[in-house]
1. Using the Karplus equation 6.51 cos²θ - 1.76 cosθ + 1.60 (θ = phi - 60°), what ³J(HN,Hα) coupling, rounded to whole Hz, does each residue of region 241-255 give in order, writing x for Gly and Pro?
2. If every alpha-carbon in the chain counts as one equal scatterer, what log10 I(q)/I(0) does Debye give at q = 0.07, 0.11, 0.15, 0.16 1/Å?
3. Each residue of region 66-75 in turn: what ³J(HN,Hα) in whole Hz from Karplus with 6.51, -1.76, 1.60 and θ = phi - 60°, glycine and Pro shown as x?
4. Using the number of other C-beta atoms within 10 angstrom as an exposure proxy, rank Val65, Val36, Val104 with the fewest first.
5. What are the ³J(HN,Hα) values, in whole Hz, obtained from phi via the Karplus relation 6.51 cos²θ - 1.76 cosθ + 1.60 with θ = phi - 60°, for each residue of region 6-17 in sequence order, with x given for Gly and Pro?
6. Distance between the C-alpha centers of region 71-126 and region 222-244? Whole Å please.
7. Once every Cα of region 87-140 carries one equal point scatterer and solvent is ignored, give the base-10 log of I(q)/I(0) from the Debye formula at q = 0.23, 0.27 Å⁻¹, two decimals.
8. Most exposed first by the Cβ proxy, i.e. fewest other Cβ within 10 Å, how do Asp58, Asp260, Asp25, Asp134 rank?
Amino acid sequence: MKHVLNELIEHQSLTKQEARQVLVDLASGKYNPSQVSSFMTVYMMRNITVEELEGFRDAMLELCVPVNFDKPVMDVCGTGGDGKNTFNISTLSAFVVAGAGQLVAKHGNYGVSSACGSSNVLEYFGYKFTNNVDELKRSLDRANICFMHAPLFHPAMKNVAPIRKELGVKTFFNMLGPMVNPARPERQLVGVFNLELARQYGYLYQETDKSFVILHGLEGYDEISLTGPFKYYFNKGERIATPADLGLPRVQYADISGGDSVQESAEIFLNVLEGKGTRQQNAAVIANSAMALFCTDQDAGIEAAVVKATESLISGKANEVFKRMLDK
């Protein structure tokens, strides 16, 4: 690790194979906590390269507990790490998408740089995490959605988890999260925290057979915030769009802020699902859900996706999906 750290400190970068090997060694416990912390810190101070991102991704997928579904699934996921502490928009969007008929294999974790991640909010409502594939398949059959708590599928990362928690800020593991869903979904909506990472994701996803949409809110959000324009990369290119392009209102940051605790975040989450969310909260969820549904049928266009997302949320279908997932 000393050699690797010296190279990185000298502004050199790792090859794809070197990055893969470092992460394999890191997961095996070869490095001490100080070395691991230093390695993660480097990537807080410099951009990750496409080759490094690809190598880290390959290692994580190689080491994970694989999940194979016999139907096409999608993930709706953000990197986190944007420091905005919005409410759980991407998690809510996953239920809206499932309510609209698309099977969702949601990959998530506890919040690291925010008060409440997807795992926090679902755990609050009594959801029991599992990596039993048969249980996950039953959840898909029953509710159109299953949830995969990342630590259960990436046990090799147990050496890293305590250090990430102690650091409490985004690391390159935030960048990797959406890429290492163990179900390897054929369809994916990903929100990322900066434009450079959006470009890199777009490049890597173009090299796959996935149907994808990569989002970045241009005011620094890893999702469509509706506070201003957003950029998205998809299979056919890239675009900049505004809230008006989706037929949705522009909102203020305060309108979409999350709670200061898991309980407060969970209350917002449930209010939105039960039809008691504010107009602005509903709009933010619909915007992100619509882009996920657009990902599944890009020829149908975004306007049709907005209609489907709105119907799923407002009719209560998304809430029914949530109830069915909890009702084992």
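1. Computed from phi, the couplings for region 241-255 are 9, 10, x, 4, 5, 8, x, 10, x, 7, 10, 9, 3, 4, 5 Hz.
2. Log10 of I(q)/I(0), two decimals: -0.25, -0.64, -1.23, -1.41.
3. My calculation for region 66-75 gives x, 10, 10, 9, 8, 10, x, 10, 10, 10 Hz in order.
4. Working: Val65 13, Val36 19, Val104 28.
Least to most surrounded, the residues fall as Val65, Val36, Val104.
5. Running phi through 6.51 cos²θ - 1.76 cosθ + 1.60 with θ = phi - 60° gives 4, 4, 5, 5, 7, 6, 8, 10, 8, 6, 4, 5 Hz.
6. Value for the Cα centre distance between the two parts: 19 Å.
7. -1.02, -1.23
8. Going from least to most buried by this count: Asp134, Asp260, Asp25, Asp58.
We did not get these values from a lab; they are worked out from the coordinates using the rules stated. What you see is a predicted model, and the numbers here were worked out from it, not measured in a lab. Neighbour counts run over all protein chains shown; Cβ positions are idealised from the backbone, glycine included.
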